[in-house]
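Inspection log for the structure reproduced underneath, given as structure tokens.
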Amino acid sequence: MENLVLHLDNIQKSFGGLRALADVNLHIEEGKTHAIIGPNGAGKSTLLNVCVGRLKPDSGSVTFDGDELTGKKPHEIAQKGVARVFQTPEIFQELTLLENVMLPALSRRDGSFKFNPFTGLRSQSEIRDEAQHTLEDVGLKEQMNLESGSLSRGDKRRLELGMCLILHPRLLLLDEPTAGMARHDTNQTIDLLQKIKSRGMTKVIIEHDMHVVFSLADKVSVLARGKIISSGTPEEAREDPVVKEAYLGGAHE
């Protein structure tokens, strides 16, 4: 029997007169990778923002492992074990890679930034060791002492992934995790996400690259004009004429 860990029930969200999400129902199985695809403007990033508390839905509810998330603040949701990698990497450009990955771990230990992030980072040997291991996981250990602002866009995305992984989330939400990467880096990221999956972590991935989707997803849902129009296995999504018309057969962004 499926163990459903994330429930989105009847989610609606509008901006002015524009309805971004319309009665979205989505249920995510624990330990699986669930891809959400669809054209630009379909509401995919809005959906993730609702999940992590950056946006409050007009109606409907988000439940994670039996806990109601709707109305909670982003840091409260993160403490429940939900982490998100954003479409545009959110890192501290002036800090080193190592310091960037240590910051979330220190926040997890000490509370939400109740410390000076620019002092004392190097003295935290246990967290430093974990951060180094995490950077090795994402293929960035050799660059750990570089200033993060000097990284390529693809490496910034891998750094942000490391900042999420050190929190040991049960649910990881990824908004186009391979955007801006060359094919070699994309394949490395696929390998990394497959390794994460083997550890039992649940993932929801928004992705335009069908190579990534079909390499990782256990289930694919298609969002178009704010509505889920199809859900099924990757094979079913590939052959669904509704999906082909809405996305796969059209222009790829």
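Derivation of every value follows stated rules applied to the coordinates shown; laboratory data play no part. Here the structure is a predicted model, which is why all the values come from computation and not from measurement. No Cβ is skipped: glycine too gets one built from the backbone with ideal geometry, and neighbour counts run over all protein chains shown.
Things to note:
- Checked against a 32 Å cut-off, the cross-linked pairs 141/244; 72/141; 73/203; 72/244; 72/219 give Cα-Cα distances beyond that limit for 141/244; 72/141; 72/244.
- Here the peptides 179-187, 35-43 are ranked by packing, the mean other Cβ count within 10 Å, and the order with the highest first is 35-43, 179-187.
- Region 2-67 and region 187-201: distance between their alpha carbon centers, rounded to Å: 23 Å
- Entry note, the chain: relative contact order of 27 percent, from Cα contacts under 8 Å with a spacing of 6+ residues.
- For the chain, the longest principal axis of the C-alpha atoms and the axis of helix 97-110 are separated by about 80°.
- Projecting the Cα atoms of 152, 165, 95 onto the charge dipole of the chain (Cβ charges, centred on the Cα centre) puts 95 farthest toward the positive pole.
- A Stokes-Einstein calculation at 37 °C with viscosity 0.692 mPa s, built on the Kirkwood radius of the chain over Cα pairs, returns a diffusion coefficient of 175 µm²/s.
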